[in-house]
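The next block holds one structure in the form of C-alpha cells; read it before the comments.
The values are calculated or read from the model by the stated rules, or taken from the named source; none is laboratory data. Since the structure is predicted, the reported quantities are computational estimates derived from the model, not experimental observations. When we count neighbours, we look across all protein chains shown, and the Cβ atoms used for this are built from the backbone with ideal geometry, even at glycine.
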Amino acid sequence: MDGSRMTRPSLPNPLEPISPEDDSNKSGDEGDAPNGGVTQEDLSRLLAREKTQGGRAAVKKLLVDLGFDSSEALAEFITTKRDADQAALTEVERREQAAEEKLRSAETREAQALAKERAAIRRAALGGLGATGDDLDDAVLLIDRALHDQPDADEAAVAAAAEQLQERRPELFGLGRETVPPAPGGSPAGGPPRRGGIPPRRGAAGLEMARRRGLISD
C-alpha cells in the first residue's frame, strides 16, 4: 500500500428519505412492476373487486334479514305491495264517492220534505181563511210569489201574507160575491111575477077583508 490515504465511498443514511429521483430507488425499467409482481392497476382492480364483493355481501345479508332469498323476491314483493296499495286507494275513493252520493241523496230528501211542509203550511193558512178548490191553488201561487224572498218563512209570516192576500183578492176566499135571496115564489126578489097565474081582481083584497069582519055576507 502506498502512503496515499484511501477514501471510502459514502453510504446512504438509512434515516434519510429516499428521493424518488434517486436511481438507486428504481429497479429495472420504469414500466416494470415493483417487487412482488403487482402493478398499481392490478392493485386498483383488486380493491374494486373487494369493494364490489363486500357490497354484494352486504346486500345479501340485508335480503336475508328481511326474509327474502334473492333480489327478485324483493322486487316481486315491492310490486305486489304497490299494486295492493293502489287497489286499497281505489277502494277508499269508491267508498268516499258512495258516501258523497248518500249525503247528496239525504240533502235532496230533506229539501223535498221541507218544500212539502212549507206548501202544507201555506195551504192550511189560506184554507183557514176560506180559500178552496181552484181558488186555493191560485192563492198558493200568489202567496209563493209574495214570499219568494222568504223561502223559510214561519207560520206567523205565512199567516200575515195570507191575510194581506185576502184583503187584495177577497174573491179567492169566497168574499165579495153578493147573492140575491130567492123570493117566496121561487123567483129572485124584485123579479117579474110568475107567468101563467090569474091576476087578482081590483078591490078583491078589500072585499075579502070586509067578508072576514062580517060586514058583508057571501
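Observations on the structure shown:
- Filter result for residue 80 (among the hydroxyl-bearing types (Ser, Thr, Tyr) and at pLDDT below 90): yes
- Exactly one residue out of 104, 145, 122, 118 is of a type outside the set (A, V, I, L, M, F, W, C), part of a helix (DSSP H, G or I) and touching a residue at least 40 places away in the same chain (Cβ under 8 Å): that is 122.
- Looking across the range 85-124, the residues that are under 30 Å from residue 149 (Cα atoms), of a type outside the set (Gly, Ala, Ser) and within 23 Å of the chain's Cα centre (by Cα) come down to 100, 101, 102, 103, 104, 107, 108, 109, 110, 112, 114.
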